[in-house]
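K.L.:
Before anything else, here's the structure in question.
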Amino acid sequence: KAKGRGRNTYQWYTDELNRRVTERVNLRHALAQAIEQEQFELHYQPQIDSVSGRVVGVEALLRWQHPQQGNIPPIDFIGLSEETGQIIPISDWVLRRACLDAVALNRGEHAPLTMAVNVSPMQVQRPGFVASIERVLAETGLSAELLEIEITEGVLMDSTEHAIDAIEGLRALGVNIALDDFGTGFSSLSYLKRLPIQKLKIDRSFIRDVTCDENDAAIVEGVITLAEKLGLTVLIEGVETREQFLYLRERHPTYLQGYYFARPIPLDALIDYLDRFDQHAVLRDLAGA
Ligand code: C2E
Ligand code: MG
Ligand code: MG
Ligand code: MG
């Protein structure tokens, strides 16, 4: 009996393994096609200054419109694309698209708007990373101070020396650096000291219960105090409710981003949003609270 179960278990593992390998091979081919046929799209999520009520920038978030499977979220393919190296052509496309759209956005009445772009560890490690950003800025005509590169601690853990050089190189171009998902990794504090970072993005996991969980509230407040002392700007991610917005705005003058204001949306929807956006309404909302 035990033997039979063992065989079944083995069979199950083999099937599972085959299924996963097949899935990965399929995904890899699908990604190759996506790159070739430009099935990618960028959606943009507004970032709001809680003091002025203005939209100060947007974050570019990658979307894959698969012809059969529809929208595939980045967590489902970025990891694999890093393993296969496909992240390189994908991120080249992302950077160029984001910079072109930033130039268009900054031609209009909503300027100045910063454009935040996420980069992966592998991208930063590649020789010529800084040069490739410099080239895209020159080719698209975007001024460096309107570009913000979002790095995570993953970028710094893999090859610290090279990563630090790359980040300093970006900074020398005039590009701003934000540390994303702050608080979810480890030894974050030493990076703050060593790197020319301008902004901390507090991870949304601390915001979910910030209005009712004293520990989360203490962490958020502590990070903001620390950031202020270090001369860093703070952006709070994942603001979903009016209650969270009012809570945060009342206590902390920071930048805010989250579904409460807007989900990530295509460029034309973003332009509509900006046209309709009323910074005074944001401030009134507060006054009315
Ligand atoms: P991230 O950089 O931390 O991006 C924020 C994620 O939180 C986005 O998910 C966004 O849609 C989501 N989000 C924003 N506001 C809220 C909110 O109020 N509530 C909740 N629950 N979620 C919110 P998304 O677009 O699925 O992206 C996931 C991750 O994929 C990103 O996390 C980033 O690490 C990565 N990613 C996205 N685009 C790119 C890209 O172009 N290049 C690279 N290398 N990574 C990317
Ligand atoms: Mg990000
Ligand atoms: Mg984040
Ligand atoms: Mg994240």
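The values are calculated or read from the model by the stated rules, or taken from the named source; none is laboratory data. Note that the structure is predicted; figures quoted are calculated from it, not measured. As a convention, Cβ positions derive from the backbone with ideal geometry for all residues, glycine included, and neighbour counts pool all protein chains shown. For the accessible areas, the whole protein counts, side chains as well, though only heavy atoms, and no ligand, DNA or RNA atoms are used. Shrake-Rupley method; radii C 1.70, N 1.55, O 1.52, S 1.80 Å.
K.L.:
Let me confirm something: among 119, 103, which residue is more than 16 Å from ligand 4 (Cβ to nearest atom) and of a type in the set (A, V, I, L, M)? Break it down into steps so the answer makes sense when it comes.
P.N.:
Values: 119 fails: more than 16 Å from ligand 4 (Cβ to nearest atom).
Step by step, each of 119, 103 is checked, and only 103 is more than 16 Å from ligand 4 (Cβ to nearest atom) and of a type in the set (A, V, I, L, M).
K.L.:
Looking at (1) within 16 Å of ligand 3 (Cβ to nearest atom); (2) open to solvent by 20 Å² or more (accessible area, probe 1.4 Å), can you tell me which one residue 148 breaks?
P.N.:
Among (1) within 16 Å of ligand 3 (Cβ to nearest atom); (2) open to solvent by 20 Å² or more (accessible area, probe 1.4 Å), the lone unmet condition for residue 148 is (2).
K.L.:
Please state which of the following conditions residue 163 fails to meet, knowing it meets all the rest: (1) away from ligand 4 (no atom under 16 Å from the Cβ); (2) among the small types (Gly, Ala, Ser); (3) under 20 Å from the mean Cα position of the chain (by Cα); (4) more than 23 Å from residue 122 (Cβ to Cβ).
P.N.:
(4)
K.L.:
Taking only pairs six or more apart or across chains, which ones have beta-carbon atoms under 6 Å, a first residue in region 237-254 that is open to solvent by less than 20 Å² (accessible area, probe 1.4 Å), and a second residue that is acidic (Asp, Glu)?
P.N.:
none
K.L.:
A follow-up question, please. Could you tell me how many of the residues in region 271-285 are of a type in the set (Phe, Trp, Tyr) and in a helix (DSSP H, G or I)? I'd like the intermediate steps shown before the answer.
P.N.:
The first filter runs over region 271-285 and keeps only residues of a type in the set (Phe, Trp, Tyr), leaving 273, 277.
After this cut, where a residue has to be in a helix (DSSP H, G or I) as well, the list is 273.
Total satisfying the criteria: 1.
K.L.:
Counting only residues that are within 15 Å of ligand 2 (Cβ to nearest atom) and either open to solvent by less than 40 Å² (accessible area, probe 1.4 Å) or more than 19 Å from the chain's Cα centre (by Cα) (or both), how many does region 184-197 have? Reasoning before the result, please.
P.N.:
Looking only at region 184-197, we keep the residues that are within 15 Å of ligand 2 (Cβ to nearest atom), and these are 184-185, 197.
So of that shortlist, the ones also either open to solvent by less than 40 Å² (accessible area, probe 1.4 Å) or more than 19 Å from the chain's Cα centre (by Cα) (or both) come out as 185, 197.
Looking only at that region, the number is 2.
K.L.:
So, in region 54-72, how many residues would count as being part of a strand (DSSP E or B), more than 16 Å from ligand 4 (Cβ to nearest atom) and surrounded by fewer than 20 Cβ atoms within 10 Å (Cβ to Cβ)?
P.N.:
Total meeting the criteria: 6.
K.L.:
On the given criteria, is residue 139 closer than 21 Å to residue 62 by Cβ, open to solvent by 30 Å² or more (accessible area, probe 1.4 Å) and more than 15 Å from ligand 1 (Cβ to nearest atom)?
P.N.:
Spelling it out, residue 139 is indeed closer than 21 Å to residue 62 by Cβ, open to solvent by 30 Å² or more (accessible area, probe 1.4 Å) and more than 15 Å from ligand 1 (Cβ to nearest atom).
K.L.:
Check off (1) in contact (Cβ under 8 Å) with a residue 12 or more places away in the chain; (2) among the acidic types (Asp, Glu); (3) surrounded by fewer than 21 Cβ atoms within 10 Å (Cβ to Cβ) for residue 214 and give me the number that stays unchecked.
P.N.:
(1)
K.L.:
Please go through (1) closer than 22 Å to residue 58 by Cα; (2) open to solvent by less than 20 Å² (accessible area, probe 1.4 Å); (3) touching a Phe, Trp or Tyr at 6+ places or on another chain (Cβ under 9 Å); (4) away from ligand 3 (no atom under 16 Å from the Cβ) for residue 110 and return the number of the only condition it doesn't satisfy.
P.N.:
Unmet condition: (2).
K.L.:
Filter region 135-160 for residues that are farther than 11 Å from residue 195 by Cα, part of a helix (DSSP H, G or I) and either among the polar types (S, T, N, Q) or at pLDDT below 95 (or both) and give the result.
P.N.:
Step one: filter region 135-160 for residues farther than 11 Å from residue 195 by Cα, giving 135-155, 157-159.
Applying the additional criterion that residues be part of a helix (DSSP H, G or I) yields 135-140, 144-146, 153-155, 157-158.
Within region 135-160, 140, 153, 154, 155, 157, 158 qualify.
K.L.:
Listed residues 181, 203; which is open to solvent by 30 Å² or more (accessible area, probe 1.4 Å), farther than 25 Å from residue 34 by Cα and within 16 Å of ligand 4 (Cβ to nearest atom)?
P.N.:
Working: 203 fails: open to solvent by 30 Å² or more (accessible area, probe 1.4 Å).
Going through 181, 203 in turn, the sole match is 181.
K.L.:
Which of the residues belonging to region 73-96 are open to solvent by 20 Å² or more (accessible area, probe 1.4 Å) and either among the polar types (S, T, N, Q) or within 16 Å of ligand 2 (Cβ to nearest atom) (or both)?
P.N.:
Across region 73-96, the qualifying residues are 73, 74, 75, 78, 79, 82, 84, 86.
K.L.:
Also, quick follow-up: Suppose we filter 82, 41 for residues that are outside any helix (DSSP H, G or I) and of a type in the set (Asp, Glu); which single one remains? Explain how you work it out, then say what you get.
P.N.:
Details: 82 fails: outside any helix (DSSP H, G or I).
Residue meeting the stated conditions: 41.
K.L.:
Among the candidates 208, 263, which residue alone is within 16 Å of ligand 2 (Cβ to nearest atom) and over 21 Å from residue 151 (Cβ atoms)? Can you show your working first?
P.N.:
Working: 208 fails: within 16 Å of ligand 2 (Cβ to nearest atom).
Going through 208, 263 in turn, the sole match is 263.
K.L.:
Filter region 183-216 for residues that are in contact with a Ser or Thr (Cβ under 8 Å, 6 or more places away or on another chain) and of a type in the set (Gly, Ala, Ser); which is farthest from residue 152 (Cα to Cα)?
P.N.:
This residue is 205.
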